[in-house]
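The values are calculated or read from the model by the stated rules, or taken from the named source; none is laboratory data. Note that this is a predicted model, so its numbers are computed, not measured. Don't worry about glycine lacking a Cβ; one is built from the backbone with ideal geometry, like all the others, and counts go over all protein chains shown.
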Amino acid sequence: MKRSLLFIIFITLIFTSTAFSQEHSFYYDEGVRLRETGNFEEAARCWVQGARVLYMRGMVDPRLGIAMIEMVTEQKMEDQYEFASNIYLWGFSRPDLMDHWDAVKEEADRVIPLLPIEKRGEWKELLNKKDISIGAEIRRFWIESDPVQTTAVNERLIEHWQRIDFVRHGIIKNKFSGVVGNGYVVEDYQEDLKKNKYSPYGTDDRGTIYVKYGHPDEMKNQNLFASVPPENLKRDMEMNTPFDVLKHKRYDYYSIWKYEYVFPGRPLIFIFGSPEGTSYQLLDGLDDFIPESAYRGNADGYMGTYNKGIPPGTRLQHDAYRENKDFDQFFMNRYLDILKNMELFRQGKITRFDLRNLKAKYNFEDKNNPDKLYGQQVYSEFDRYVIPIDIIFTRNRILDEENNPKIAVTAMSYIEGQDSISIDFAVDASKKQGYTLFHSLIIRDSLMNEITRNTDSPEELYENTSAFVINHTPDKKHFTIAAAKYDPERSRNVRESIVSGDMPFSGHKTFEVPEPLDSDPGKLELSDLVTGYRVTPELIRKGFPFPVIPGNEIPSGENMQIYLEIYHLMFGGDGRGHYTIEFKVARSGEKGLLARLRGRTDPEQILSQTHTLESRDRTAKESVEFDILELKPGEYEFEVEVTDLVSGRKKTRTGIFRINRRK
């Protein structure tokens, strides 16, 4: 009897588990079916409903959000962008992702090209180990990349999938998947892609660059060495490449893309080549067109004595840069350099080996281009249409009057690109067309799930500052402070401001906070330091939250101001607390800084000042000024040590500041 009962329970559990697993996938599968039959609205409703059901059960399915955001961007269903953003991010909000590992890995592969080069290896290692924490990394990446943190739509995520849709389908059919040169179509494109570099978007390498940077500002597509019509070979040989030289070329067609605004003042250029009519591959530079075999033999018989002995590779190099010298100054400079070296060779001042090394030199420079390796890896259209706001923020651990740990966050916004903080400039910009400044503090848990958000609009634009005080608990949290300026009477948010033709302001910064302060009344404790320089009396009258303009940049000619709170002071016989605040400074980067600060001194590098103070309360709030006028411009490390003179207890905080030269 007992065995029969156990068997029934076992069979019931298997049946229940199987049924639940089928229901788990029902919403995704049914949505896919509806999408494939053209019922896009019904598919969206199905996926939204599925997300709600699974959310209530404490489960996730990342496939729902991926499928939905792919569909709504492809079909331009703008009314669904908010749902798509939220369901996508929800899909990576829990650690139980192994049931959908293939979908998670595929999505991580689509994000990796957007990462800084040093992060790509970390992500690939997580994928190799099948580490489900990659889901939290995907979620964190898109949340931190959101250019307008104050809206429910993740604009950067939507833009990313819009670009994927464009490169997959495009205005011109097969724009990034199979058409090369003058209309040649690869017969089996998917097989051809296997020969190409890795492309996670189902396109050739042009698609990857488009997803990262968007549409190029200038583009050139050409048959390689197109200036060689056969009928002209017997005339004007100085301007055309002979056939025995052309037989060495590697690629039939090429495409050059130029982005003018990713790095102001210098273009970002990408070159793609199509070998023997196959799909385009990303190259390091024009010299990739030329194989090493082209430097054996010479181009005699075509160029006469002027180019006697010049290897075909140098001739190809010359013609490749000549074709593109008018496209950008970069190519012009190299073209002139090649001409100079060819002339030096003709004069016998350099050898054929030197000519071959010119290709190696250019190859090395192109392969190790710092902009491509370490520079900005993505460029959003929001970078063009939103004026960036820089935010000076402080995040200070404090204890309130009941001795409870709190976090005080202040944010002061100004327009990015100014050499120094200019509140007046920020005010003028904020008042433009009735613009209003909004600050939001967004708090998320360790899995990047939003816990709460607080929004403030400073009453007086002159101060440009908001302050938030929240409870501080030991669990790890992720904080975002966001700023936005737009005209609320004309737009509801930054995104609408762009659509309406206004130029909004937006910016955000992320941070984490260490463990809470110790509330044990038997231990001396310090708040985090607010460093900066003295606030003017006018700003104090305006209600500025600190008697300090916060920041690590101290203008030359200003003393350093530090605001701190001291907790749990002991009273002496006179019923008061007595303490010292000692300020020690050393040049940043010197080895053994702490040893020097706490022992040896060097009058040329070390500055030490002490203030002796008293308090009627066990908590003291001090704004202390330290004389740093004798210090030269540069970066410094400092230590603040508080000593309770009654109990002998000590507590320290450290930091870094920089003295700027006055312009």
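I'd like the residue in the range 354-394 that is within 18 Å of residue 293 (Cα to Cα) and in contact (Cβ under 8 Å) with a residue 60 or more places away in the chain and, out of all such residues, is surrounded by the fewest Cβ atoms within 10 Å (Cβ to Cβ).
Among those that are within 18 Å of residue 293 (Cα to Cα) and in contact (Cβ under 8 Å) with a residue 60 or more places away in the chain, it is 363.
A quick yes/no check of all residues on (1) assigned to a loop (DSSP other than H, G, I, E, B); (2) more than 30 Å from residue 436 (Cβ to Cβ):
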site	(1), (2)
333	no, yes
345	no, yes
348	yes, yes
373	no, yes
383	no, no
389	no, no
393	no, no
396	no, no
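Filter the range 621-639 down to residues that are out of contact with any Asp or Glu (no Cβ under 7 Å at 6 or more places or on another chain) and in a strand (DSSP E or B), then give me how many there are.
Total satisfying the criteria: 11.
How about the range 109-138: which of its residues are under 12 Å from the mean Cα position of the chain (by Cα) and not in a helix (DSSP H, G or I)?
Passing the criteria: 115, 116.
Answer yes or no as to whether residue 245 is at pLDDT below 70 and assigned to a helix (DSSP H, G or I).
yes
Looking only at the range 252-276, count every residue that is modelled with pLDDT of 90 or more, closer than 14 Å to residue 288 by Cα and out of contact with any Leu (no Cβ under 9 Å at 6 or more places or on another chain) and tell me the total.
Total meeting the criteria: 1.
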